[in-house]
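The values are calculated or read from the model by the stated rules, or taken from the named source; none is laboratory data. Fair warning: this is a prediction, and the values are worked out from it, not measured in the lab. Methodologically, a virtual Cβ is constructed for each residue, glycine included, from the backbone with ideal geometry; neighbour enumeration extends over all protein chains shown. Surface areas here come from the heavy atoms of the whole protein model, side chains and all, with no ligands, DNA or RNA. Shrake-Rupley method; radii C 1.70, N 1.55, O 1.52, S 1.80 Å.
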Amino acid sequence: MVKKISGLFVVALVFGLMGSVQAFAATEEKVEVESKEAHAHKGHFHHSPEFLEKKAKELGISTEGKNSETIAKEVREAMIKKKAEELGIKTEGKDFDILAKEVKETFIKKQADELGIKTDGKDSDTLAKEVRETIIKTKAKELGISTEGKELKELAKEVREASIKKEAKELGISTENKDFRQLAHEVREAKILQAAKKLGISTENKTTEELFDEIMTHHEEEAKKLKLFP
């Protein structure tokens with residue numbers, strides 16, 4: 001389980017998404033509910049050496065003579081430790097995997113409490129499922145989607161697609177005759193271009209992935225304020 005959470009869970013830490021239950025719930029259940037950008041972040045976290053070095057520097061980690069894999073491991077461990085301290089978890093003398101598990105379980109319980117879910121006598125897997133279900137149903141209500149008689153998987157799919165269509169409409173993107181994947185891709189590209197323009201970044205002769213790297217490496221905080229990746 002600990003190995004399983006070391007991907008998107010850490011990405012949530014890196015991008016300040018610990019306050020977003022969606023990111024964590026999607027990690028636990030491997031179902032995306034508004035987590036399309038988290039996957040993009042995951043790729044960026046692992047494949048942009050410049051961004052990785054920036055995070056290492058912020059955490060006081062030396063990168064000299066280390067490859068990206070080593071730096072990523074040290075950044076991951078430092079961020080888990082930092083989050084543990086924020087959650088009031090003692091870190092001294094604890095194995096990283098044990099500490100990561102404690103952080104995960106404490107975070108789930110905290111989010112369950114905030115959502116009014118009873119936690120007594122429930123393990124973290126049960127709570128994670130209840131948190132996810134609550135999030136999906138709440139989002140469905142916000143989007144005007146009926147939950148009656150629907151399997152959670154079906155409802156999650158409806159929420160995901162409705163969220164993308166809503167974003168597409170707000171961005172002036174036509175949804176006609178487009179499948180979900182194509183539309184999600186267009187929405188992501190439009191959001192990156194929009195953010196680049198707002199941040200005064202030249203888009204000439206740059207791919208959206210190159211722009212994404214530049215935004216997250218040099219304008220991470222501004223991107224959060226712009227709600228580029230909710």
Here segment 198-207 yields Karplus 3J(HN,Hα) values (6.51, -1.76, 1.60; θ = phi - 60°; whole Hz; Gly and Pro given as x) of 5, 8, x, 8, 5, 9, 4, 6, 10, 6
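Packing-wise, with mean Cβ within 10 Å as the measure, how do 95-104, 196-205 rank, highest first?
Values: 95-104: 17.5, 196-205: 12.3.
Peptide ranking by packing, descending: 95-104, 196-205.
Could you tell me what percent of the accessible area of segment 103-195 is made up of carbon and sulfur, with a 1.4 Å probe and every protein chain present?
On the way: 2560 of 5630 Å².
Solvent-exposed carbon and sulfur of segment 103-195 make up 45 percent of the total.
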Calc'd 3J(HN,Hα), segment 210-216, phi into Karplus 6.51 cos²θ - 1.76 cosθ + 1.60 (θ = phi - 60°), Hz, glycine/Pro = x, comes to 5, 5, 4, 4, 5, 4, 6
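Keeping every protein chain present and rolling a 1.4 Å probe, give me the accessible area per residue for segment 165-230 in Å².
Per-residue accessible area for segment 165-230 comes out at 65 Å².
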Going residue by residue through segment 85-93, the Karplus relation 6.51 cos²θ - 1.76 cosθ + 1.60 with θ = phi - 60° gives ³J(HN,Hα) values, rounded to whole Hz and with x marking Gly or Pro, of 4, 5, 8, x, 9, 5, 10, 4, x
With label points set 7 Å from each Cα along the Cα-to-Cβ direction at R181 and E64, the distance between them in nm comes to 4.7 nm
Scaled by the rule-of-thumb 2.2 N^0.38 Å, the alpha carbon Rg for segment 71-178 gives a ratio of 1.43
The alpha-carbon pair-distance distribution computed for segment 53-112, with 5 angstrom bins and whole-percent values, is 4, 19, 26, 18, 17, 11, 4, 1, 0
